[in-house]
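The values are calculated or read from the model by the stated rules, or taken from the named source; none is laboratory data. This one's a predicted model, so the numbers in the text were calculated from it and none came from an experiment. Cβ atoms come from the backbone with ideal geometry, glycine included; neighbour counts cover every protein chain shown.
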């Protein structure tokens with residue numbers, strides 16, 4: 001099978017489009033942080049268990065951003081600066097008015113594109129990540145990751161004392177022993193495997209319904225290279241040996257704190273022996289077979305916001321339909 005040196009991902013990695021300057025040097029400047037928080041031109045994204053408020057404006061979907069004076073109380077994190085505007089996130093329940101509405105307007109679960117124009121609706125990255133513009137998508141993925149880390153690191157792992165938030169939300173400090181704790185990112189490899197006939201390997205785990213297929217993925221272990229993780233995970237999950245892992249791109253996947261690193265690799269064999277604990281169905285697809293399976297509804301693919309979808313479409317050669 002020929003390896004194409006000019007192979008590039010089809011379409012953007014939708015959770016890797018952030019345009020904001022993270023302004024790390026400002027995190028350690030308490031005076032600047034305080035001034036920025038009281039500046040009416042600053043903007044705040046409220047994050048609640050991975051969701052924020054978004055609204056449709058014409059054909060666009062935008063994150064609802066508040067001036068600091070209108071933001072609810074909660075732990076706050078500096079997300080960065082863009083065009084002279086400071087952006088923060090606050091971890092708090094989404095702003096509501098009387099009767100459980102937002103600014104007097106009912107918030108019911110619905111797709112952002114289906115909501116009446118100008119009506120805020122709660123949404124997470126899976127629903128809105130691919131609809132938001134570059135700035136807002138970057139803000140949301142950043143805020144989701146920080147919120148997830150803070151929610152599980154309230155106490156010092158050394159002594160159990162409740163930690164405090166410092167450095168604009170990027171460090172938690174133990175007031176008892178002075179130890180500092182930083183947000184954690186777990187690297188994970190995700191790989192599209194091709195055989196000698198240029199077929200693509202798709203599989204599903206036991207937690208997914210029949211027909212919901214994706215490519216293989218797994219976490220990188222301590223002391224392991226990315227390429228070794230690709231080879232190991234494929235062997236463990238479907239029992240085949242792969243070679244020539246080739247990196248294509250990465251994007252954050254804060255569910256709760258992964259960085260997904262995408263690869264292509266070539267299979268040296270095609271006899272699949274799925275590990276029943278992690279993989280219950282694994283199949284090879286030619287492009288024609290996959291197109292037919294998507295058309296009939298036999299197969300559904302991961303949504304466009306995922307790196308898995310971009311790797312599959314890169315192999316296929318064009319965008320595909322048939323989301324989960």
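Filtering the stretch 143-154 to residues that are under 9 Å from the mean Cα position of the chain (by Cα) and under 15 Å from residue 182 (Cβ atoms) leaves only 145. All conditions in (1) within 15 Å of the chain's Cα centre (by Cα); (2) exposed (fewer than 14 other Cβ atoms within 10 Å of the Cβ); (3) in a strand (DSSP E or B) hold for residue 243, with the sole exception of (1).
For the stretch 43-81, name all the residues that are at positive phi and crowded, with 18+ Cβ neighbours inside 10 Å.
Result: 50, 80.
The set of residues in the stretch 246-279 being surrounded by fewer than 19 Cβ atoms within 10 Å (Cβ to Cβ), under 25 Å from the mean Cα position of the chain (by Cα) and within 17 Å of residue 208 (Cβ to Cβ) consists of 255, 277, 278. Would you check if there is a residue in the stretch 224-232 being assigned to a strand (DSSP E or B), surrounded by 13 or more Cβ atoms within 10 Å (Cβ to Cβ), assigned by TED's automatic domain parsing to the domain that holds residue 269 and within 21 Å of the chain's Cα centre (by Cα)? No: zero hits. Going by what's in this entry, would residue 311 be described as in contact with a strand residue (DSSP E or B) (Cβ under 8 Å, 6 or more places away or on another chain), over 13 Å from residue 190 (Cβ atoms) and assigned to a helix (DSSP H, G or I)? No, not satisfied.
Suppose the filter is more than 30 Å from residue 312 (Cα to Cα) and either surrounded by 15 or more Cβ atoms within 10 Å (Cβ to Cβ) or at pLDDT below 95 (or both); does residue 97 pass it? Walk me through it before giving the result.
On the way: more than 30 Å from residue 312 (Cα to Cα): yes; either surrounded by 15 or more Cβ atoms within 10 Å (Cβ to Cβ) or at pLDDT below 95 (or both): yes.
Criteria met by residue 97.
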